[in-house]
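Here the structure is laid out as structure tokens; the discussion comes afterwards.
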Amino acid sequence: VPIPHDIQVTLYPQDETLDTLAQHVRNTGHAFSMFDAARIVLAGGERYNIRFQCADTRPTPLFKTPVDGGLFLTRDEDVNHLLNSPIIDQSYRAEDIELEVPKGDFKSVALCGMSGVILGPTSHHSYQAKLLRLHRERFANMSFDDFKRRVKTDSTPETIEKWKEQASKGRRWVYLKGEIAEGVEPQTFSTRAEVEAHFRRNHAADSVIELRDVNVLGNIDKAKLTHVLFLMLRNAVENARKHLFDISQKLAAGLERRGLKMFKRRSGKMFVSRVRPRAVDPSVVFSAPLAKIVELLKQNSGGMHLHALVEAIAPSLPRDEDAPPLALGEAPKLTQQQIEVLKDIRWLTNEGYVIEYSDGMIFLGVQGESSPAKKIDEASKADKVGKHAKGPKHYPVVVPILEVLEDVFE
């Protein structure tokens, strides 16, 4: 299927998804990897939107059905979608009616070779109409001649009687819209073709809108999209899952607008938390319990797991030999001292002195986990600043790029 190059497809997280993620970060106090957050968003189509934008050079727009969110490349596709969807039942009510049993000596009946639908004797007046309708509604993807060549003939009495039974039951469609004068019968149609022609004349124009910039849910039913648009949507999602940077950047921008903070740690990965990590100022005096937590984290520059940190300060009580074993997933009961340690860790986390990651690892806010960066001596840096104090800043090659960016943003 040729993919149109004048339609741009963009994937971005829903506002409701961003609100949920932001609330979760605030409630837990944890720092979350932006790549992990991107994977969570991409795991469910209801969590992101797909945007289709037509280029200025594209001669035709896209066609959308507001009633169910369908999106198509042509108006005819859109109208056909409506005619074959439950939406048509809002305008027309189908009713079964009794008809006369076909009279005549019928020796055989024709059947669709693929679906098994009984079409009736080839000499009956209804045969051609049924053949055309079945091809249009179910097998339009193949040529009519190929479809017709697959028709079979069945001469068993059971099949002939079954066709007579079906032919004795008919259907009509009652038009449900529009004002009907008292004592006047509503408008009715005896064939599906009449219903479709009436809908095209009276409702098609109002049921479809033209747009050049459209958003759809990521989990939209594929029946509501032109096949090529569905392929473009699927390709966009697969590409986003392979390359998480783009969606993680959009998530980061949305979370920052909601008051959360971004920072890089653990080999340069981007994380989000509700406070920005900060260093422990030497002038800050902690209480003894807080100081003990900070000292332990200084001694363990590679970080400590929450459980190990709590156990190092307030070891668990030995279990009674007669106590029943813990059930699967059941955690041992915390002592009051351990609860106090957890409260202290949470306070340090809320202040930014400590980072508690979603995997349970804990580090000091700006020490312990980041790899050492290149440094220049203070004298060289002061000379650089003084030299360019009155004009634009110029940086020697040895200056780390992060310091350059910091100066730019200042």
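The values are calculated or read from the model by the stated rules, or taken from the named source; none is laboratory data. Just so it is clear, the structure is predicted and the values come from calculations on it, not from any experiment. Note: ideal-geometry Cβ built from the backbone for every residue, glycine included; neighbour counts use all protein chains shown. The protein model used for the area step is the full one, side chains on, heavy atoms only, and it has no ligands, DNA or RNA in it. Shrake-Rupley method; radii C 1.70, N 1.55, O 1.52, S 1.80 Å.
Length gain on complete extension for the stretch residue 152 to residue 127, per 0.36 nm per residue less the alpha carbon to alpha carbon distance? Let's see the in-between values first.
Numbers: separation 25, 0.36 × 25 = 9.00 nm, distance 1.31 nm.
The span from residue 152 to residue 127 would gain 7.7 nm if fully extended.
How far, in nm, would the chain grow between residue 238 and residue 84 when pulled straight, counting 0.36 nm per residue and subtracting the alpha carbon separation?
Net length gain for the segment: 52.4 nm.
GNM, the chain, Cα, under 10 Å: largest mean-square fluctuation among 11, 176, 364?
176
Using heavy-atom solvent-accessible surface (probe 1.4 Å) with all chains present, what is the largest-first order of 262, 270? Could you put the intermediate results ahead of the total?
On the way: 262 20, 270 60 Å².
My answer, sorted largest first, is 270, 262.
With each run of n ≥ 4 DSSP H residues scored as -39500 (n - 2.57), what mean residue ellipticity at 222 nm is computed for the chain after dividing by its residue count and rounding to the nearest 500 deg cm²/dmol? Write out the running numbers ahead of the final one.
Details: 15 runs with 160 residues, N = 410.
One gets -11500 deg cm²/dmol as the mean residue ellipticity at 222 nm.
If we restrict to alpha carbons, what Rg and Dmax does segment 1-125 come to, in Å?
25.8, 83
What FRET efficiency comes out for the pair residue 137/residue 103, r = Cβ-Cβ distance, R0 = 25 Å, nearest 0.05? Let's see the in-between values first.
Numbers: r = 28 Å, r/R0 = 1.14.
After rounding to 0.05, the efficiency reads 0.30.
Compute the angle between helix 378-387 and the longest alpha-carbon principal axis of the chain, please, reported from 0 to 90 degrees and rounded to the nearest 10.
The angle comes out near 70 degrees.
Compute the FRET efficiency between residue 165 and residue 246 as 1/(1 + (r/R0)^6), taking r as their Cβ-Cβ distance and R0 = 51 Å, and round to the nearest 0.05. Don't skip to the end; give the middle numbers.
Numbers: r = 60 Å, r/R0 = 1.18.
With a Förster radius of 51 Å, E is 0.25.
If you take every DSSP beta bridge fully contained in the chain, what fraction is antiparallel? Give it as a percent rounded to 5. All intermediate terms of the calculation are to be shown ahead of the outcome.
Values: 44 of 46 bridges.
So the antiparallel bridges amount to about 95 percent of the total.
Please give, to one decimal in nm, the separation of the simple spin-label points placed at residue 359 and residue 316, each 7 Å out from Cα toward the Cβ.
2.2
Output the relative contact order of the chain, whole-number percent, from Cα pairs under 8 angstrom with separation of 6+ residues.
Values: 498 pairs, mean separation 89.2, N = 410.
Taking the mean separation of contacting Cα pairs over the length of the chain, I get 22 percent.
Based on alpha-carbon positions alone, could you give the equivalent ellipsoid semi-axes of segment 177-273 from the gyration tensor, as √(5λ), descending, whole Å? Write out the running numbers ahead of the final one.
On the way: eigenvalues 533, 63, 20 Å².
So the equivalent ellipsoid measures 52, 18, 10 Å along its semi-axes.
Please compute the contact order of segment 206-334 in relative form: average sequence separation of alpha-carbon pairs under 8 Å and at least six residues apart, divided by the residue count, as a percent.
Values: 39 pairs, mean separation 11.3, N = 129.
Reported relative contact order: 9 percent.
Cut-off 17 Å, label point 7 angstrom out along Cα-to-Cβ of residue 351: give me the residues of segment 279-310 whose amide nitrogen falls inside.
Only 279-298 fall inside the zone, counting backbone N under 17 Å.
How tilted is helix 245-257 with respect to the longest principal axis of the chain? Cα atoms for both, answer in degrees (0 to 90, nearest 10).
Taking Cα atoms only, the helix is inclined about 70 degrees.
Do the alpha carbons of any pairs in 169/224; 298/343; 107/169 sit beyond 29 Å of each other, and which pairs? Provide the component values of the computation, followed by the final result.
On the way: 169/224 32 Å; 298/343 19 Å; 107/169 21 Å.
Too far apart for the 29 Å limit: 169/224.
Which value in nm describes the separation of the simple spin-label points at residue 202 and residue 58, placed 7 Å from the Cα toward the beta carbon?
Between residue 202 and residue 58, the label points sit 3.3 nm apart.
How large is the accessible surface of residue 161 in square angstrom, using a 1.4 angstrom probe and rounding to the nearest 10?
It works out to around 110 Å².
With axes computed from alpha carbons, what is the tilt in degrees of helix 288-299 against the longest principal axis of the chain, rounded to the nearest 10 within 0 to 90?
Here the helix axis deviates by roughly 80 degrees.
Roughly speaking, what is the stretch gain from residue 74 to residue 172, that is 0.36 nm per residue apart minus the C-alpha to C-alpha distance, in nm to one decimal? Numbers along the way, then the final one.
Details: separation 98, 0.36 × 98 = 35.28 nm, distance 2.98 nm.
Gain on stretching residue 74 to residue 172: 32.3 nm.
Can you list the residues, at least 5 places off or on another chain, whose amide H is less than 5 Å from the amide H of residue 111, using H built in the peptide plane?
119, 152, 153, 154
Can you run the Rg to Rh ratio on the chain? Use alpha carbon positions and the Kirkwood inverse-distance Rh. Let's see the in-between values first.
Values: Rg = 35.0 Å, Rh = 28.9 Å.
Using only Cα positions, Rg/Rh for the chain is 1.21.
What distance in nm separates the two pseudo spin-label positions at residue 301 and residue 39, each 7 Å out from Cα along the beta-carbon direction?
2.9
Pick out, in residue order, every one of the trypsin sites (Lys or Arg not before Pro) in segment 80-143 that is DSSP loop and has at most 11 other C-beta atoms within 10 Å; say none if there are none. Before the final figure, lay out the partial values.
Details: sites: 93, 103, 107, 130, 133, 136, 138; in loops: 103, 107.
Loop-located and lightly packed - 103, 107.
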